[in-house]
Structures are given as structure tokens and as C-alpha cells.
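These notes are about the structure you will find just below.
The values are calculated or read from the model by the stated rules, or taken from the named source; none is laboratory data. Bear in mind that the values here come from a model prediction, so they are computed numbers and not experimental data. Note: ideal-geometry Cβ built from the backbone for every residue, glycine included; neighbour counts use all protein chains shown.
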């Protein structure tokens with residue numbers, strides 16, 4: 001009994017969950033109501049949902065004799081790990097493409113998929129920290145939606161992410177960012193992202 005009491009006293013407190021993502025709260029408390037008014041989406045199950053965000057670094061152009069230089073692969077993995085908090089998956093070519101000098105089985109890309117809170121936190125950083133750091137930034141395209149409402153954009157250098165220390169970087173590379181929605185279309189997704197703060201280009 002004494003040992004049980006001692007174990008009870010010294011047992012660590014369970015970790016308390018952190019605050020919900022800021023943009024997720026904004027979506028639920030502000031944007032959802034506007035969706036109901038503008039598109040008639042009063043049923044919560046019919047409203048669009050942020051499903052996942054996919055980050056992709058293409059490494060295929062650095063291939064040499066079907067192999068990647070060590071620093072290229074390590075740098076891509078380090079970048080995606082730093083900006084996402086997850087270890088990326090290395091994707092291999094499914095078939096050979098002679099025009100691009102790619103053979104089947106060659107490591108061509110590094111990919112990370114963010115879901116739930118991680119996706120919301122990344123979206124917040126993307127809108128409020130990353131895009132303002134893009135050189136000569138005039139807004140992101142408002143035409144890069146597919147029919148399902150998914151949005152794609154790219155950055156030319158990893159230096160726009162505040163998590164990256166460029167003094168430790170061997171070479172610069174870009175990144176493709178795909179924001180995937182459920183229950184959506186191009187018009188609805190554009191409205192949602194705009195309300196959340198996506199800096200779309202302003203057209204005359």
C-alpha cells in the first residue's frame with residue numbers, strides 16, 4: 001500500500017492539450033457563418049473541411065547516374081522536417097522517363113502530408129509568416145484551384161520559412177504546397193482561404 005501511495009504521488013501529471021489552432025477557431029466561429037449566408041451551407045456536414053496539406057520537394061533534376069548527391073537528399077529532408085515537424089517520405093520513380101534522364105526506382109521527391117491540427121498550424125504560418133517574406137511579393141494566384149476546390153502554390157526558396165537557417169543550407173530549392181479540401185469546389189475554397197487571410201493577387 002505504501003508503495004502504491006508513493007507511486008501515485010510521484011506519477012507525472014497527464015499532458016494538457018494545447019489551445020486549438022487559431023485559424024481553425026476563426027473558421028468555425030466566423031467563416032462557417034458566412035458560408036451559410038453566401039452559399040446556403042447551413043448544414044455543418046455540407047461545409048468544406050481542410051483535409052490535409054501536402055508539401056513536396058522535387059529532387060529529380062539533381063539526379064546523377066540514377067542517384068542523388070547526399071547533400072541534396074539530406075537538405076530536402078531537413079527542410080521538410082523543420083517546416084512541418086514530421087519526417088518526410090522519399091518517393092521513387094514508378095517508371096523510366098528518358099527525356100528527364102530518370103530511371104525506374106530513382107529517388108525523385110520528398111513528401112510530407114499534414115493533417116488535423118498540424119495542417120491548421122502550418123496554414124497559419126504560411127499565410128502570416130511565410131508569404132510576407134517572399135521577395136517582390138504581389139499576392140498568390142487565385143486561379144490555382146482544381147474542380148474539387150484543392151489549391152496549389154509554390155515557393156522558389158526555402159529561405160521564406162523562418163524555421164530555416166540559411167547559414168546551414170548547402171543549396172537553395174523550392175517547394176510545392178497543396179491544400180486539400182473535402183466537400184468543396186473552386187469558388188467555395190477560394191472564399192474560405194480568402195476569409196482566412198490568403199493574400200490573393202489583387203486584380204484591377
Could you tell me whether any residue of segment 151-163 is closer than 21 Å to residue 51 by Cα and in contact with a helix residue (DSSP H, G or I) (Cβ under 7 Å, 6 or more places away or on another chain)? yes
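Quick test for you: out of 93, 148, 119, pick the one residue that is at pLDDT below 85 and in contact with a strand residue (DSSP E or B) (Cβ under 8 Å, 6 or more places away or on another chain).
Details: 148 fails: at pLDDT below 85; 119 fails: at pLDDT below 85.
Only one candidate passes the filter, namely 93.
Please go through segment 157-170 and pick out each residue that is exposed (fewer than 15 other Cβ atoms within 10 Å of the Cβ) and part of a loop (DSSP other than H, G, I, E, B).
Filtering segment 157-170 down to residues exposed (fewer than 15 other Cβ atoms within 10 Å of the Cβ) leaves 162-163, 165-168, 170.
Matches in segment 157-170: 162, 163, 165, 170.
In segment 171-183, which residue that is assigned to a loop (DSSP other than H, G, I, E, B) and touching a strand residue (DSSP E or B) at 6+ places or on another chain (Cβ under 8 Å) is surrounded by the most Cβ atoms within 10 Å (Cβ to Cβ)? Talk me through it step by step, then tell me what you get.
Filtering segment 171-183 down to residues assigned to a loop (DSSP other than H, G, I, E, B) leaves 171-174, 183.
With the extra rule that they be touching a strand residue (DSSP E or B) at 6+ places or on another chain (Cβ under 8 Å), the set shrinks to 173-174, 183.
Details: 173: 20, 174: 13, 183: 14.
Ranking the candidates gives 173 first.
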Has segment 154-170 got at least one residue that is over 15 Å from residue 80 (Cα atoms), in contact with a strand residue (DSSP E or B) (Cβ under 9 Å, 6 or more places away or on another chain) and at pLDDT 85 or above? no
Give the number of residues within segment 33-50 that are modelled with pLDDT of 85 or more and either crowded, with 17+ Cβ neighbours inside 10 Å or within 17 Å of residue 80 (Cα to Cα) (or both). 4
Would you confirm, using the coordinates I've provided, whether residue 67 is at pLDDT 90 or above and touching a strand residue (DSSP E or B) at 6+ places or on another chain (Cβ under 9 Å)? no
Considering segment 131-156 alone, what residues qualify as being closer than 16 Å to residue 56 by Cα and either part of a helix (DSSP H, G or I) or in contact (Cβ under 8 Å) with a residue 40 or more places away in the chain (or both)? 151
Checked segment 122-139 for anything under 16 Å from residue 163 (Cα atoms) and touching a strand residue (DSSP E or B) at 6+ places or on another chain (Cβ under 8 Å); matches are 122, 123, 126, 130, 131, 134
